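Single-structure report; data block below.
The values are calculated or read from the model by the stated rules, or taken from the named source; none is laboratory data. Note that the structure is predicted; figures quoted are calculated from it, not measured. Heads up, the Cβs are rebuilt from the backbone with ideal geometry, glycines too, and the neighbour counts pull from every protein chain shown.
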Amino acid sequence: MDMRSNNHQQQQQQVLDGSDIVELVENEKVFDKFVEQKFQQLDQDEDGKLSVTELQPAVADIGAALGLPAQGTSPDSDHIYSEVLNEFTHGSQEKVSKTEFKEVLSDILLGMAAGLKRDPIVILRMDGEDLSEFIHSPGYEAEIVSVYFSAVSGCEEASLSDCIVKALQSLSVDHGMPPSNDPWVMSNIVEPIVDSCLDEEDKREKRVSQERFLEAFKRVVERVAQRLNEQPVIVAHSENTFDGSGIRRLLSNKFEFDKALNVGLEIIPKDRHGKVSKEYLRAVLDTVAPSATLPPIGAVSQMDDMITEALKMVKGDDGKVVKEEEFKKTMAEILGSIMLQLEGNPISVSSNSVVHEPLTSATFLPPPPAESPEEPSN
């Protein structure tokens, strides 16, 4: 894309790297005021402490800011909600004081900031201009011809409508296209526009020629660009490359490595001799993952395969009970194996999701601090 397009993209995006959150938490005056306001909102019985029930709205807001589905809709995310609540209550049913509330909220916010610093999120406002420029760019037709062959490959009996939908999924945010595989985009943009641009006979047409496909596809994409111009879509875009460098840094710092391992070892059971079963290697690895700049287990399938292979190498699933030092040594071997694999074959991951709410909708997140007016000089 040309310079004008690049300038437009820069104007239409916002990078969330956690710096605003750090600034807010470290601004004691602003953060104290925020905590006071939120505490009063949550303290329904005005007894100066928060019960488990009163904490629920704060937990829900934190989950929303983390991008979790609503509480009660997924066992995996419900587990995280429970962990957030336990951070406040320390696993008890006792009420939480304002001081405790502030301390935990500060830790959670700074944890989120650290995650954003490591993996920034770019908020893109897609208004159709970039997509329109792509349509009229010199390389458009050549790229879409390639898309055509990909779309019809292996599905010669697919209808024109199906081919266009499949082809749209090959356009990325770099083209100015919101993620077509997002259910909201599919049901609110892709399907209605394809439906309106093709008559019933066209929709059912099969064995579509290249010329016919190009003509229909361009009509659809132009209409998508028009729709985005009328109603822009906000997309959260993130990308990360796991190349083993985070593991190398962790393994080279024995103090940090032991510290990360000890956190994981604290949460797993031990026998009366202090020994640990190797079946917990995966659980401890998941705890250590953030310190090694690795994704959570289950988040990236390629990484999960790599971890499984590393565990097989050390017979991690044999259930053998070992001394803590041997457990730590085995964990270092696993991380070393993963590091070498990533250095040879880095794994790149990107994700795009439509943002349906304003970025400040999570009520537990304070707004950026306004600049204080300068004190008048005497």
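Looking for whichever is surrounded by 14 or more Cβ atoms within 10 Å (Cβ to Cβ) and in contact (Cβ under 8 Å) with a residue 60 or more places away in the chain here; the options are Val314, Val322, Val354. Which one fits?
On the way: Val314 fails: in contact (Cβ under 8 Å) with a residue 60 or more places away in the chain; Val322 fails: in contact (Cβ under 8 Å) with a residue 60 or more places away in the chain.
From the options Val314, Val322, Val354, the qualifying one is Val354.
Going by the conditions given, is Asp258 touching a residue at least 12 places away in the same chain (Cβ under 8 Å), surrounded by fewer than 16 Cβ atoms within 10 Å (Cβ to Cβ), of a type in the set (Asp, Glu) and not in a loop (DSSP other than H, G, I, E, B)? Give the derivation first.
Values: touching a residue at least 12 places away in the same chain (Cβ under 8 Å): yes; surrounded by fewer than 16 Cβ atoms within 10 Å (Cβ to Cβ): yes; of a type in the set (Asp, Glu): yes; not in a loop (DSSP other than H, G, I, E, B): yes.
Criteria met by Asp258.
Note on region 18-36: residues that are part of a helix (DSSP H, G or I), in contact (Cβ under 8 Å) with a residue 12 or more places away in the chain and more than 19 Å from Lys49 (Cα to Cα) amount to 8.
To keep it simple, each residue is scored yes or no on (1) closer than 30 Å to Ala225 by Cα; (2) among the charged types (D, E, K, R); (3) free of Cβ contacts under 8 Å to residues at least 24 places away in the same chain; (4) surrounded by fewer than 19 Cβ atoms within 10 Å (Cβ to Cβ).
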residue	(1), (2), (3), (4)
Phe101	no, no, no, no
Leu109	no, no, no, no
Ala113	no, no, no, no
Lys117	no, yes, no, yes
Ile121	yes, no, no, no
Gly128	yes, no, no, no
Val145	yes, no, no, yes
Ser150	yes, no, yes, yes
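Checking each residue in region 172-208 for being farther than 17 Å from Val147 by Cβ and among the acidic types (Asp, Glu) picks out Asp182, Glu191, Asp195, Asp199, Glu200, Glu201, Asp202, Glu205.
Return yes or no: is Asp107 outside the structural domain of Val22 (by TED's automatic domain parsing), of a type in the set (Asp, Glu) and out of contact with any Leu (no Cβ under 6 Å at 6 or more places or on another chain)? Talk me through it step by step, then tell me what you get.
Numbers: outside the structural domain of Val22 (by TED's automatic domain parsing): no; of a type in the set (Asp, Glu): yes; out of contact with any Leu (no Cβ under 6 Å at 6 or more places or on another chain): yes.
Criteria not met by Asp107.
Restricting the search to region 213-233, which residues are touching a residue at least 60 places away in the same chain (Cβ under 8 Å), more than 28 Å from the chain's Cα centre (by Cα) and surrounded by fewer than 22 Cβ atoms within 10 Å (Cβ to Cβ)? Within region 213-233, Leu214, Lys218, Glu222, Gln226 meet the criteria.
In region 101-149, what residues are among the acidic types (Asp, Glu) and either within 30 Å of Glu54 (Cβ to Cβ) or assigned to a helix (DSSP H, G or I) (or both)? Spell out the reasoning first.
If we filter region 101-149 for residues that are among the acidic types (Asp, Glu), which is where we start, we get 103, 107, 119, 127, 129-130, 133, 141, 143.
If the condition is that a residue be among the acidic types (Asp, Glu) and either within 30 Å of Glu54 (Cβ to Cβ) or assigned to a helix (DSSP H, G or I) (or both), then Glu103, Asp107, Glu129, Asp130, Glu133, Glu141, Glu143 are the ones that fit.
Considering region 121-159, and only residues there that are under 30 Å from Arg204 (Cβ atoms), touching a helix residue (DSSP H, G or I) at 6+ places or on another chain (Cβ under 9 Å) and among the hydroxyl-bearing types (Ser, Thr, Tyr), the residue that is modelled with the lowest pLDDT turns out to be Ser150. Do we have Arg212 as assigned by TED's automatic domain parsing to the domain that holds Val147 and either at positive phi or touching a His at 6+ places or on another chain (Cβ under 8 Å) (or both) here? Here the answer is no, as Arg212 does not meet what is asked.
Could you grab me the full set of residues in region 275-300 that are among the small types (Gly, Ala, Ser) and at pLDDT 85 or above?
Of everything in region 275-300, those that are among the small types (Gly, Ala, Ser) and at pLDDT 85 or above turn out to be Ser277, Ala283, Ala289, Ser291, Ala292.
Looking at region 180-195 only, could you name the residues that are surrounded by fewer than 21 Cβ atoms within 10 Å (Cβ to Cβ), modelled with pLDDT of 90 or more and not acidic (Asp, Glu)? Listed by number, the residues that qualify are Met186, Ser187, Asn188, Pro192, Ile193.
Taking the residues in region 203-226 that are assigned to a helix (DSSP H, G or I) and in contact with a strand residue (DSSP E or B) (Cβ under 9 Å, 6 or more places away or on another chain) as candidates, determine which candidate is nearest to Leu16 (Cα to Cα).
Lys203
How many residues are outside any helix (DSSP H, G or I), among the basic types (Lys, Arg) and either under 30 Å from the mean Cα position of the chain (by Cα) or not assigned by TED's automatic domain parsing to the domain that holds Glu266 (or both) if we restrict to region 297-343? It would help to see each step written out before you state the result.
Keep residues of region 297-343 that are outside any helix (DSSP H, G or I), which gives 297-300, 314-323.
Remaining after also requiring among the basic types (Lys, Arg): 315, 320, 323.
Then drop every residue that is not either under 30 Å from the mean Cα position of the chain (by Cα) or not assigned by TED's automatic domain parsing to the domain that holds Glu266 (or both), which leaves none.
Matching residues across region 297-343 total 0.
In a residue-by-residue description of region 336-349, the property of being within 30 Å of Pro183 (Cα to Cα) and modelled with pLDDT under 90 applies to at least one position.
Residue count for region 274-299 satisfying the condition of being surrounded by fewer than 15 Cβ atoms within 10 Å (Cβ to Cβ) and either in contact with a Lys or Arg (Cβ under 8 Å, 6 or more places away or on another chain) or acidic (Asp, Glu) (or both): 3.
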